[in-house]
Amino acid sequence: MSTAKQRFTLAAAAALALAATSLTATAQPRTDLVVGMALEPPHLDPTAGAAGAIKEVTYANLFEPLLRVDADGKLVPGLAERWTVSDDGLTYRFTLRPNAKFHDGTTADSADVKFTLDRARAADSVNAQKAYFAPISQVETPDPQTVVVTLSRPDGLFLFHMASGDAAIVAPESAATNKQKPVGTGPFKFDRWVAGDRVVLVRNPDYDGMKPKLDRVTFRFISDPAAQVAALKAGDIDAFTLFSTYEALPEFRNDPKFVVTVGSTEGETILSTNNARKPFDDVRVRRAMAHAIDRKTLIDGVLYGNGVAIGSHFPPHREGYVDLTGLYPYDPAKAKALLAEAGYPNGFDTTLRLPPPPYARRGGELVAAMLAEVGIRAKIEPVEWAAWLEKTFKGKDYDLTMIAHTEPLDIDIYARPDYYFNYRSERFNALNDELNRTQDPAKRNALYGEEQKVLAEDAVNGFLFMLPSVTVQKAGLTGMWVNRPVQANDVTGVSWK
Amino acid sequence: MRRRLPLSLHLGAALTLLLVAMALLSLLWTPYPAEQVRVIARLKPPSAAHWLGTDHFGRDVLSMVMVGARNSLAVGAAAVGLGLAAGVPLGLLAAALGRWGDEVVARLGDLVFAFPAVLTAILLTAALGAGAVNVVLALALFNSAVLARVTRGAALAVWRRPFVGAALALGRGPLSATLVHVLPNIAGIVVVQATVLFAVAIVNEAALSYLGLGIQPPSPSWGRMLGDAQTYLFTAPLQAVFPGVAIALSVMGLTMLGDGLRDWLDPRHRSSGVM
């Protein structure tokens, strides 16, 4: 019904536009946008959930953290218009925008920031990235526009973390109900949520910053790949982000009505390996697996070539990246030799657990076939997200699994003693401590390089590829992000030609 | 005088034989190893080298359909076999015991019927993990309830007939009467029902594998082939056709076989009287 109506409106608009061009000059550009997403968010509070879809709807559009990450991955002002860091890296002073308001009309001041940060680091916090807030020892509010945050230890990534959706500033009046009725400070405000179908945001007329060109943004959720393609072709969707039906891309590329962009995400896709469990506690076995996996075929088979291989846990588009993809070239004979050396001349049986995304289910099937070539018989076990999080991620009860780690600059997870890789390395931890004490960008990048080398030498996990950020959009739309430096569909700069 | 066999029996038997032959052949020979991945040769249309083309990983579709037939038959046979082994004795027992025994079996059946077979299978795989064994268990549970009910109904009708009463009067015990008089007289009905349940089991296995809960990769399954093909409906529509046709023909064959058997065994269709 609504689709038919929409199509009729489109047709009518097109007819009108034609008539208008013949008579006078040009028609008014559209001011609404329909964004397609594969997954529906479970709720709309970015400070209370790990699901990427929450941030993809709300980040920068509806909620603002103190700082924001822009399309190029740089830190830009968010709710704070400027900030300073003390020389010892322990004191951060944020100055907020003077006229910032929440969508319910209340002012957004330093008390709200203090409330947000204290709530996120509290013992009963449900924030998905509690570790981001762990270094905070004190939050002070000398005046309504100033927030002073004191850390207990230096944290080189603190500003970066404060720019994540998990650090979105919320108000005490609305924090409890943000899941269903989000109230933020962003240029768009919540209009309605039709469960299973769409979330609608409208322009916030009282926004104190730069006003967006769009006045209405609809996020539509379509999980079925064939339906995604059909919706794009029917014109129901203006831009589909994180499009993963890669085999349909040639068709869209050849169609002048569409523009296809392929950028990078922060999603290092890896074959996570339980380093504490036999036989994966033997580095020779892990190196054998690295030699057994043909990344090129994998990227071709899963992403139809739209991906970049990695040799460690670091994205190639970031400064500090070291290319380690040549360390373990595809070599089944070498893999077999290493397995024999480790005491498994006939290979071994293991289990490969796969969460629902296609890159994991498809990629896992290919990885299992490649491992089988060298004698590693991996039984495939598909699981749902809840079960994966519970058993694999939290319970650490697994052999192998395949997953994209989409948090930006997350190489420090290898230093966490309780992380599900069960990896422990004095060398890596020392590097990570030094990184946290270091502010100089060049030195930081060098340390990142050292960390990548340690992980690659230890072959901690199977390092496979970067998940691409593919957007299929209508020609005439400008300002959509090509890359995904954070999980976001920031449409504040989007407009129609 | 020989009766004419129903046409549906001929067609059904032929299709079922074809299915069984394909499954058996796959044990000895397939054009390619069904699990052999060759990404470079993916999504190829039918050709001399690959009669039914290749799938999204470059696997030979004909080989996958053949091994898929074997997997479908194995799941169907196990689900129906277990169902027979549990359901028929239960139904016979209910009919022979009468009263409370009958009541207990009937209520147990109601409990199973409260959940559709596919839902039971989804619940079971959610609790115990996806895989062929759990699918077989769930379908067997459903089948045993159906078969118990059918057996009980048919057996009760036989129990009421005079010759059973006569046998009892002559001193046969209930067990002996069941085995000698009841079972042979209901065998036809049970066989027909089992054939139909076989078809249902194949459809349900395909449905569950389509959802990713049934037979796990790398072992091919028609249902999963359909599920994979769904992504390619726009780019390689043929991918969905072959597993779809395989499922449709098998189910049609088994259903027609069941229908034909029923017509053939039904006493009302018989030309000469004695049962």
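The values are calculated or read from the model by the stated rules, or taken from the named source; none is laboratory data. All values derive from a computational prediction rather than experimental measurement. Cβ sites come from the backbone with ideal geometry, for glycine too, and all protein chains shown count toward neighbours.
For the reader, a short list of remarks on this structure follows.
- Residue A:368 at pLDDT 95 or above, in contact with a helix residue (DSSP H, G or I) (Cβ under 6 Å, 6 or more places away or on another chain), buried (at least 22 other Cβ atoms within 10 Å of the Cβ) and within 30 Å of residue A:223 (Cβ to Cβ): no
- Some residue of segment A:276-288 being touching a helix residue (DSSP H, G or I) at 6+ places or on another chain (Cβ under 7 Å) and among the acidic types (Asp, Glu): no
- For segment A:206-231, filtered to residues that are in contact (Cβ under 8 Å) with a residue 24 or more places away in the chain, hydrophobic (A, V, I, L, M, F, W, C) and not in a strand (DSSP E or B), the residue that is farthest from the other protein chains (Cβ to nearest Cβ) is A:210.
- If only residues of segment B:82-131 that are in contact with a helix residue (DSSP H, G or I) (Cβ under 6 Å, 6 or more places away or on another chain) and either within 14 Å of chain A (Cβ to nearest Cβ) or not in a helix (DSSP H, G or I) (or both) are counted, the one that is surrounded by the most Cβ atoms within 10 Å (Cβ to Cβ) is B:125.
- Pick from segment B:210-225, criterion more than 18 Å from residue B:37 (Cα to Cα) and more than 11 Å from chain A (Cβ to nearest Cβ), ranking: surrounded by the most Cβ atoms within 10 Å (Cβ to Cβ): B:223
- The set of residues from segment B:6-51 being under 17 Å from the mean Cα position of the chain (by Cα) and within 14 Å of another protein chain (Cβ to nearest Cβ) is empty.
- Helices (runs of 4 or more DSSP H) (entirely within segment A:52-160) containing at least 2 residues that are aliphatic (A, V, I, L, M), in contact (Cβ under 8 Å) with a residue 24 or more places away in the chain and touching a strand residue (DSSP E or B) at 6+ places or on another chain (Cβ under 6 Å): A:110-121
- Looking only at residues in segment A:375-389 that are part of a strand (DSSP E or B) and not basic (Lys, Arg), the one that is farthest from the other protein chains (Cβ to nearest Cβ) is A:376.
- Members of segment A:263-286 that are out of contact with any His (no Cβ under 7 Å at 6 or more places or on another chain), buried (at least 19 other Cβ atoms within 10 Å of the Cβ) and closer than 21 Å to residue A:405 by Cβ: A:265, A:266, A:269, A:271, A:272, A:273, A:274, A:275, A:280, A:286
- Within segment B:31-72, the set of residues being small (Gly, Ala, Ser) and outside any loop (DSSP other than H, G, I, E, B) comprises B:41, B:63, B:68, B:69, B:72.
- All of A:378, A:335 fail the test of being in contact with a His (Cβ under 8 Å, 6 or more places away or on another chain), modelled with pLDDT of 95 or more and in the same structural domain as residue A:434 (by the TED database), apart from A:335.
- Residue identified as surrounded by fewer than 18 Cβ atoms within 10 Å (Cβ to Cβ) and under 17 Å from residue B:79 (Cβ atoms) among B:200, B:191, B:180: B:191
- Yes/no for residue A:78 being more than 20 Å from residue A:162 (Cα to Cα), of a type outside the set (Ser, Thr, Tyr), buried (at least 23 other Cβ atoms within 10 Å of the Cβ) and modelled with pLDDT of 95 or more: no
- On inspection, residue B:147 fails the criterion of being in a helix (DSSP H, G or I), over 30 Å from residue B:214 (Cα atoms) and of a type outside the set (Gly, Ala, Ser).
- Qualifying residue in segment A:235-245 (condition: more than 21 Å from residue A:55 (Cα to Cα), within 13 Å of another protein chain (Cβ to nearest Cβ), crowded, with 22+ Cβ neighbours inside 10 Å and touching a residue at least 24 places away in the same chain (Cβ under 8 Å)): no
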